[in-house]
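*Asks:* After the structure tokens below, expect a handful of questions from me.
Only the coordinates and a few stated rules stand behind these numbers; no lab work does. Everything numeric in this text was worked out from a predicted model, so none of it was measured. Using ideal geometry, Cβ is built from the backbone for each residue, glycine included, and neighbour counts are taken over all protein chains shown.
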Amino acid sequence: SWSPAMKISKTEDVHTRSPVLDLGNGKWLVPYSESTHQSTTATFFSIFDPKTQTFEEVTATPPGQRNIADEVCVTRARNGDLVALIRSNDDPALFQIVSKDDGKTWSSARMTNIPSQFTPADLLTLDNGWLLCSFSFRERKNERLVVSRDDGANPGDVWTINPERNMG
């Protein structure tokens, strides 16, 4: 059985496709976006407390900036930072943002070298601490993987794209 649905967003017309992240402090981080051509367009996170069923909505990218406001995924890096990747609506690469305070504030978005072709990615932290990103292209073929060995510290050049290399 399931609980009744709970509202976790002040902003209307939002969507999500990524899993909720357990922050480890009794709260959950819910990633979502609003990517229409509105002034409220942005990437958001809801810091949700399941005990009190209350939430704090955090706007993570500049409102109205549609290019970096669609399909976001997030993970906790081994250094404790939250690292998120955002699908671009205009550029052919994913953007990255980082939070050092459990999602309350986020860095400015920086373009990575991870190709996007306007498709979403998935992101997780492996047991060895590497960040693993899976992505594909609109043609729905050639699923790809890239890793960051430095907690995503340098999103422009550290994500490694090399299908021949053993990732173990």
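*Asks:* Got the relative contact order for the chain handy, in percent, Cα pairs under 8 Å and 6 or more residues apart?
*Replies:* Answer for the chain is 14 percent.
*Asks:* Restricting everything to alpha-carbon atoms, can you work out Rg to Rh for the range 6-92 with a Kirkwood hydrodynamic radius?
*Replies:* A ratio of 0.97.
*Asks:* While we're looking at this one, here's another question. Could you compute the longest span of the chain free of GluC sites (Glu not before Pro) located in DSSP loops and having at most 11 other Cβ atoms within 10 Å, not counting the site residues?
*Replies:* 13-138
*Asks:* Quick one: how many lysine pairs does the chain have with C-alpha atoms less than 16 Å apart and a gap of 8 or more or different chains? Give me the count, please.
*Replies:* Value for the chain: 6.
*Asks:* Could you check how many percent of all C-alpha pairs in the chain are farther apart than 21 Å?
*Replies:* So the portion of pairs separated by more than 21 Å is 45 percent.
*Asks:* Among the chymotrypsin sites (Phe, Trp or Tyr not before Pro) in the range 1-72, which ones are in a DSSP loop with at most 16 other Cβ atoms within 10 Å of the Cβ? Mind listing them?
*Replies:* Counting only loop positions with at most 16 other Cβ atoms within 10 Å, the chymotrypsin sites (Phe, Trp or Tyr not before Pro) in the range 1-72 are 2.
*Asks:* Next question. Using only the Cα atoms of the range 66-106, construct the convex hull and provide its projected area averaged over every direction, in square nanometres to one decimal.
*Replies:* Averaged projected hull area, Cα only: 2.9 nm².
*Asks:* With the cut-off at 12 Å, report for the range 26-68 the share of all Cα pairs above it, as a whole percent.
*Replies:* 57 percent
*Asks:* Turning to a different aspect of this structure: Expected output is a single nm value to one decimal: the length gained when fully extending between residue 39 and residue 100, i.e. 0.36 nm times separation in residues minus the C-alpha distance. What is it?
*Replies:* Taking 0.36 nm per residue and subtracting the Cα distance, the gain is 19.3 nm.
*Asks:* OK, next. Stick to Cα atoms and the Kirkwood definition of Rh, then tell me Rg/Rh for the range 1-47.
*Replies:* The Rg/Rh ratio comes out at 1.01.
*Asks:* Through the Karplus equation 6.51 cos²θ - 1.76 cosθ + 1.60, θ set to phi - 60°, convert the phi angles of the range 34-44 into ³J(HN,Hα) values in whole Hz; use x for Gly and Pro.
*Replies:* Per residue, the Karplus-derived 3J(HN,Hα) values read 9, 10, 6, 8, 10, 5, 8, 4, 5, 9, 10 Hz.
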